[in-house]
Amino acid sequence: MKKEVFRFIGVGILGFSVDAATFSIFVYASHLSLIQARIIAFLCAATATWLGNRHITFQRDDAPVLQQWFRFMTVATVSALPNFICFSIANVKLGQTGIMPLLSLSIGIIAGAACNYTLCKYWVFNGNSTTR
């Protein structure tokens with residue numbers, strides 16, 4: 001389990017990199033609103049972390065792809081609630097200039113990680129390929 005947690009963190013770092021890069025591009029280069037950029041970045045990062053968790057963390061690449069991806073996106077969406085709530089609160093408290101949006105992004109990601117790991121471990125990648 002300890003190795004699994006470290007792999008999950010490693011995949012999460014990859015996901016964070018995708019999230020932060022995508023978010024930055026859409027906020028600073030495309031000038032989208034913070035929420036629009038956040039949604040796009042979230043979808044990109046969630047797909048990247050699903051691939052990493054499927055092949056590296058939980059090594060469950062034998063499960064049906066679309067079913068597992070749908071479960072993962074469901075978990076990512078549920079886990080996004082604490083992520084987005086904390087992001088929004090931090091954004092109001094810290095402001096929207098300089099690196100503050102990235103700091104708010106980091107706070108949100110950390111808030112959703114525990115929920116994400118638990119649901120991934122026991123529902124998405126549990127080895128049961130049938131729908132419950």
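Here are some notes:
- For THR47: the one exception among (1) more than 14 Å from VAL124 (Cα to Cα); (2) assigned to a helix (DSSP H, G or I); (3) free of Cβ contacts under 8 Å to residues at least 40 places away in the same chain: (1)
- Any hit, the stretch 98-107, residues being closer than 24 Å to VAL5 by Cβ and surrounded by fewer than 21 Cβ atoms within 10 Å (Cβ to Cβ): yes
- Inside the stretch 1-44, residues that are of a type in the set (Gly, Ala, Ser) and outside any helix (DSSP H, G or I) make up a count of 2.
- Every pair of residues 6+ apart whose Cβ atoms lie under 7 Å, when the first sits in the stretch 119-132 and is closer than 21 Å to SER79 by Cα and at pLDDT 70 or above while the second is surrounded by 11 or more Cβ atoms within 10 Å (Cβ to Cβ) and among the β-branched types (Val, Ile, Thr): LEU119/VAL75; LEU119/VAL78; CYS120/VAL75; TRP123/VAL75; VAL124/VAL75
- Residues (of a type outside the set (Val, Ile, Thr), touching a residue at least 12 places away in the same chain (Cβ under 8 Å) and out of contact with any Gly (no Cβ under 7 Å at 6 or more places or on another chain)) located in the stretch 64-87: PRO64, GLN67, GLN68, TRP69, ARG71, PHE72, MET73, ALA76, LEU81
- Residue within the stretch 93-106 that is of a type in the set (A, V, I, L, M), at pLDDT below 95, within 25 Å of LYS121 (Cα to Cα) and part of a helix (DSSP H, G or I) present: yes
The values are calculated or read from the model by the stated rules, or taken from the named source; none is laboratory data. Small disclaimer: the values here were computed from a predicted structure and weren't measured. We place every Cβ from the backbone using ideal geometry, glycine too, and count neighbours over all the protein chains shown.
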